[in-house]
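This report concerns only the one structure given below.
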Amino acid sequence: MKKPQGPNSLPARILIGIFSSIFGGVGLTLLVFLWGSPTGGFHSPPLFFRIFGSFIAIGFVAFSAFGLFAVITGATGPQLPDQTSLNSELRNQNFNASSSGSFSCPSCGSGLGAESEVSPSGDVKCAHCNNWYNVRQT
């Protein structure tokens, strides 16, 4: 069984959770510091810095909240299709030679083989000369 990779795998979710917690801790610490010190006391921040710092801290806390929500629900990123399925899908499509280009490499003339790398947009890396070309170009 292949281990899941990408933004929804367990290590990625743990890393996102750790960074989200760090940002939330910084934001909450800043808010407590700015509004917890007595007004007009020695070394207390002026009102302008309390308000300005609060806006920054609220952004940190919001980032943390959304990050932790994404980690808990598992919606940390889009599910990307597997590269092998993209390769087989592109090879199985019926391309009209007059409208979509040629299946042979314009550099060396080699055909699209089973080991060719295919991108989702139709870019193909020639297995023979490593030249990139697009099968959908006219």
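Condition test on Ser54, is it at pLDDT 65 or above, surrounded by 13 or more Cβ atoms within 10 Å (Cβ to Cβ) and more than 19 Å from the chain's Cα centre (by Cα)? Criteria met by Ser54.
Of all residues in the range 42-61, those satisfying the criterion of being more than 12 Å from Leu28 (Cβ to Cβ) and in a helix (DSSP H, G or I) are Leu47, Phe48, Phe49, Arg50, Ile51, Phe52, Gly53, Phe55, Ile56, Gly59. Based on this model, can you work out whether Phe23 counts as surrounded by 14 or more Cβ atoms within 10 Å (Cβ to Cβ) and not basic (Lys, Arg)? So Phe23 fits the description; yes. All of (1) assigned to a helix (DSSP H, G or I); (2) of a type outside the set (Val, Ile, Thr); (3) more than 30 Å from Asn8 (Cβ to Cβ) hold for Leu28 with one exception: (3).
The values are calculated or read from the model by the stated rules, or taken from the named source; none is laboratory data. All values derive from a computational prediction rather than experimental measurement. Here Cβ is always computed from backbone atoms with ideal geometry, including for glycine, and neighbour counts include all displayed protein chains.
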